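The next block holds one structure in the form of structure tokens; read it before the comments.
The values are calculated or read from the model by the stated rules, or taken from the named source; none is laboratory data. Keep in mind it's a predicted model, so treat the numbers as computed, not measured. Positions of Cβ are backbone-derived with ideal geometry, glycine not excepted, and every protein chain shown enters the neighbour counts.
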Amino acid sequence: MLTGEEEALLGGAQGPAVQLAMRILLRMAQWQGADAFIPITSAHVDGCLYEGQGVVRFVDRLRELEARVAVPTTLNAISVELARWRAQGVPVAFGEPAAHIVDAYLAMGVRPSFSCAPYQLGHTPGLGEQVAWGESNAIAYVNSVLGARTDRYGDFLDILAAVAGRVPAQGLHLDANRRGQIVFTLTDRAAALSRHELFYPLLGYAVGLRTPPGRVPVVLGLPDHPGPDRLKAFFAAAASGGSVALAHLVGITPEAPDLSTALHHRPPDSLSAIDRDDLDAVRARLCTARGDGVDAVVLGSPHFSVQEFEQLARLVSGRRRRDGLDLVVTTSQFMRQAAADQGWLDPVERFGARVIADTCVLVSPLLHASVGTVMTNSGKYAHYIPGRLGKAVVMGSLEECVEAAVTGRMPKEAPWT
Amino acid sequence: MDLKAALMSDRGTGWRPLVWTDQPLSFWGGFDPVSGRVVDVHHPLSGRTLTGAILAMPAGRGSSTGSVVLLEALLLGTAPAGLIWSQLDAVLAVGVLVADEMFERTLPWAVVDPQDFPVLARCAEIALDPTGWVRTGRSAEEA
């Protein structure tokens, strides 16, 4: 049932952009079986990558219609570092349309955050707040870690929801659909690895792989709070390995103070264990490289935080990466500035890292064609690099990545040490 | 055996080759709209061309930029001829809606009962009949 106000919006009372947004949202609501809309308080927009003419034509059309966002809205990582792409040697034929898309969004009132980790930049809606977020890792993080409520919005619908200020009342916006269903219990052997940095991305990927689409997984048996960066790694990997948009980590995330609450006091749909062997299998699946040579190391998917800059700065202090090996750290302009202010950027750059803001290696032509094997500590980078860039991947902890950057070789196979 | 669709677009397709998978595919990072091929090396359809075929997969997964990739493929003429899910993929559905509302490109789709979905694995060609049926006339053996 539409309210009188919504009928008026569909009739064009707030102009043609809101009318178009409402028409598309209404058709989506009908397909999804929703019979009402819910007002939202914020949005995060991910339809901002230059993937071809489609996005350019989409934003130009919205701009012609004088679209404006109705709620505070951040923009995801974009396809170039906006202020420096020409100096970085990005081809004009790529950089210009990429910047054009960004200009169009800024003209609609979207904030220039340019990050896939807006939740690390103060965009942190509270428990129970209704929002419309795009980008798979951001969706999973805002739902699970912050307890705000978004469905898994595809690009385009996020900005249309921001323009209309509302979303169909369905999916993860509704209490009942946030019930944990698929329970994964860590074995003692797996839980014993929880202090290892790769534990969280590998566990996230395993949970993503084993959770049926549209279901809500619950993880039981995490021994201690991992902190925001490891949660970021977990959820980014869970959303890459599968379609996880919400997961409850018992004792850690806000809707899961205990198992029974996470399950809404009902029996789970399924129960299974995750063992150390499962994590090893995920690691083997993600590592597509043969041989032990490493041509490039990439860090920062989702975007590197100031705490991660601090860890990296301590590991590289007084050292220098191998000549000819590329080391790229992707982050937001705000985190790069914060790292500079705190003295963590300088040692990282002196080590020989290229610190790139606004974008990442998956969406911007940052890695040279001659790079064959890439090492990363990110489950999300590991998942997408082979398909997007045609390069082989090996995963290692931040410390192992630094060793590889110095020697050009993967450290000897010594998982979990 | 023809399958009754739980939900279907207003438009259908003629008989088209079917590409079936029980593994959800992320279009962003998994499908190249220039070549029309699956590029996710972890996916069982890796290397397959989807252009002109009806793609049947249980649901969507991965990146929310799949809608952008699908729109791009529709504008370039490399998109699948149709989509079948056992659960509506809201990400690709947005791409379908935006293509229709803003660019006059249509992509027929259907949602079938999850219990019926495996039946399609045996089909070489199918047609989406806009009266609400997935026509499965010819089996892989006959075709």
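Between A:Val297, A:Val282, which is farther than 24 Å from A:Val406 by Cβ and either among the β-branched types (Val, Ile, Thr) or part of a helix (DSSP H, G or I) (or both)? The conditions single out A:Val282. Beta carbons closer than 6 Å, at least 6 apart along the sequence or on distinct chains, pair a first residue in the stretch A:194-213 that is over 11 Å from A:Leu286 (Cβ atoms) with a second that is surrounded by 20 or more Cβ atoms within 10 Å (Cβ to Cβ) and β-branched (Val, Ile, Thr) for A:Gly208/A:Val244; A:Thr211/A:Ile182; A:Thr211/A:Val244.
Looking only at residues of the stretch A:375-417 that are surrounded by fewer than 22 Cβ atoms within 10 Å (Cβ to Cβ) and among the basic types (Lys, Arg), we find that the one that is farthest from A:Asp292 (Cα to Cα) is A:Arg388. Among the residues of the stretch A:288-303, not a single one is under 21 Å from the mean Cα position of the chain (by Cα) and free of Cβ contacts under 8 Å to residues at least 60 places away in the same chain. Within the stretch B:74-110, the set of residues being touching a residue at least 12 places away in the same chain (Cβ under 8 Å), of a type in the set (A, V, I, L, M), surrounded by fewer than 24 Cβ atoms within 10 Å (Cβ to Cβ) and facing another protein chain (nearest Cβ under 9 Å) comprises B:Leu74, B:Leu75, B:Leu76, B:Leu88.
Summed over the stretch B:8-45, the residues that are crowded, with 16+ Cβ neighbours inside 10 Å, under 26 Å from B:Glu101 (Cβ atoms) and within 14 Å of chain A (Cβ to nearest Cβ) give a count of 13.
Taken together, A:Leu106, A:Leu127, A:Leu82 contain a single residue that is in a helix (DSSP H, G or I) and of a type outside the set (Val, Ile, Thr), which is A:Leu106.
Give A:Gly352, A:Gly372, A:Gly318 a once-over and let me know the one that is at pLDDT below 95 and over 22 Å from the mean Cα position of the chain (by Cα). Result: A:Gly318 is the single residue among A:Gly352, A:Gly372, A:Gly318 that is at pLDDT below 95 and over 22 Å from the mean Cα position of the chain (by Cα). Quickly run through the stretch A:130-173 and pick out the residues that are farther than 13 Å from A:Ile40 by Cα, surrounded by 24 or more Cβ atoms within 10 Å (Cβ to Cβ) and either more than 12 Å from chain B (Cβ to nearest Cβ) or among the acidic types (Asp, Glu) (or both). Matches in the stretch A:130-173: A:Glu135, A:Tyr141, A:Val142, A:Asn143, A:Ser144, A:Asp155. If you go through the stretch B:46-58 and keep only what is within 12 Å of chain A (Cβ to nearest Cβ) and surrounded by fewer than 24 Cβ atoms within 10 Å (Cβ to Cβ), you end up with B:Ser46, B:Gly47, B:Pro58.
Give the residue, chosen from A:Ala369, A:Ala404, A:Ala357, that is touching a residue at least 40 places away in the same chain (Cβ under 8 Å), more than 30 Å from A:Val45 (Cβ to Cβ), among the small types (Gly, Ala, Ser) and more than 14 Å from every other protein chain (Cβ to nearest Cβ).
A:Ala404
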